[in-house]
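Asks: One structure follows; several queries about it will come next.
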Amino acid sequence: MMWKLDGQELDPKLLGSLEPERVLFEYEGPRSYVARDLAGGLLFAHQCGEAADRWRYAIVPFSTELLDALESGQLDLRSALGQPWLWIVDIGEKGHPVRCVRSSLSAIPEECLPRPGVMLYPDHDPAPEIFPFGRIEESILLIRGRRVIIDADLAGLYRVATKRLNEQVKRNADRFPDDFVFVLTESEKQQVVANCDHLHKLRFSPNLPHAFTEHGTLMAANLLKSPLAAKVSVYVVRAFVKLREFLSDTDFSIKSGDLEAQLQDDDEQVIALIDAIR
């Protein structure tokens, strides 16, 4: 999401190149990182918006003490951004700042900010809060008659780079048969991009995405050897099960409704039985 920027316009060059000195969290590009200003001072940058041709970051002056607190789980992301000075910077496709505005935490739309209490590394967070069923279920797509999660979405849930996730698939091909994972065709990729706004970046990727079935998501979590991935995979499987049960109940409701319409008022006992089953 991008929003209209209000505030004092600054020359982006005043903050330096803003090239990441160290990436703290990466998902389809650096989401949180530290950089240096022209004077060598530490800056903390956190992505809070994106468009087709640019990424928007909230950037604040930082210190080694704050960085240590952030990485150790003593400081949450929102508090880290709550510094007296804050700039909103748009980074172009070539990685260079194209716009800089002096702003404040309160000027950033709530939906673009980390929720209060959310940490840099989700090992410090309660999984149910960070990965609600709704978010996982929205990532489940129906492709080739199978319910799957695209690699970029699964990597985001497991908090790893998509490249790393797919490397595990390549290295352990014998553990990922076709009913665990398959590669989308170019046509399927375009359909996913057209129908899933949050996956629009796939349009610029030269690679065809992998699609993971329920069993594939679990195998991937096991191979990543990440405590977080293992924890989140439980919620991923539950989301698949919940969706399957919902669709099964919906299918039964439709079929029983058709039967009831056919019976009309001829057999009240059968209709009562259908009501009881519901």
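The values are calculated or read from the model by the stated rules, or taken from the named source; none is laboratory data. Source: prediction; values computed, not measured. Here the Cβ is made from the backbone with ideal geometry for all residues, glycine too, and neighbour counts use every protein chain on show.
Asks: Answer with yes or no whether CYS112 is touching an Asp or Glu at 6+ places or on another chain (Cβ under 8 Å), on the phi < 0 side of the Ramachandran plot and either surrounded by 15 or more Cβ atoms within 10 Å (Cβ to Cβ) or at pLDDT below 90 (or both).
Replies: No: the conditions fail for CYS112.
Asks: Which of (1) part of a helix (DSSP H, G or I); (2) under 23 Å from the mean Cα position of the chain (by Cα); (3) without any contact (Cβ under 8 Å) to a residue 40 or more places away in the chain does ARG78 not meet, given it meets every other one?
Replies: (3)
Asks: Return the residues of segment 138-152 that are in a strand (DSSP E or B) and out of contact with any Cys (no Cβ under 9 Å at 6 or more places or on another chain); say none if nothing qualifies.
Replies: Hits for segment 138-152 are ILE140, LEU142, ILE143, ARG146, ARG147, VAL148, ILE149.
Asks: Still on this structure, I have one more. Scan segment 75-90 and tell me whether some residue there is within 20 Å of LYS201 (Cα to Cα), in contact with a Lys or Arg (Cβ under 8 Å, 6 or more places away or on another chain) and among the β-branched types (Val, Ile, Thr).
Replies: Looking through segment 75-90, at least one residue is within 20 Å of LYS201 (Cα to Cα), in contact with a Lys or Arg (Cβ under 8 Å, 6 or more places away or on another chain) and among the β-branched types (Val, Ile, Thr).
Asks: Anything in segment 204-235 that is surrounded by 17 or more Cβ atoms within 10 Å (Cβ to Cβ) and without any contact (Cβ under 8 Å) to a residue 40 or more places away in the chain? List them, or say none.
Replies: Answer for segment 204-235, where residues must be surrounded by 17 or more Cβ atoms within 10 Å (Cβ to Cβ) and without any contact (Cβ under 8 Å) to a residue 40 or more places away in the chain: just LEU218.
Asks: Among the residues in segment 15-29, are any among the polar types (S, T, N, Q), more than 19 Å from SER103 (Cβ to Cβ) and either at pLDDT 85 or above or surrounded by 18 or more Cβ atoms within 10 Å (Cβ to Cβ) (or both)?
Replies: The answer is yes; a qualifying residue exists.
Asks: Tally up the residues in segment 185-197 that are surrounded by 13 or more Cβ atoms within 10 Å (Cβ to Cβ), out of contact with any helix residue (DSSP H, G or I) (no Cβ under 7 Å at 6 or more places or on another chain) and farther than 14 Å from VAL148 by Cα, please.
Replies: So the answer is 2.
Asks: Give me the helices (runs of 4 or more DSSP H) completely within segment 172-278, filtered to those with at least 2 residues that are of a type in the set (Ser, Thr, Tyr) and at pLDDT below 90, ordered by residue number.
Replies: 227-263
Asks: Shifting gears a bit: Can you name the condition, by its number, that ASP68 falls short on among (1) part of a strand (DSSP E or B); (2) at pLDDT 90 or above?
Replies: Unmet for ASP68, out of (1) part of a strand (DSSP E or B); (2) at pLDDT 90 or above: (1).
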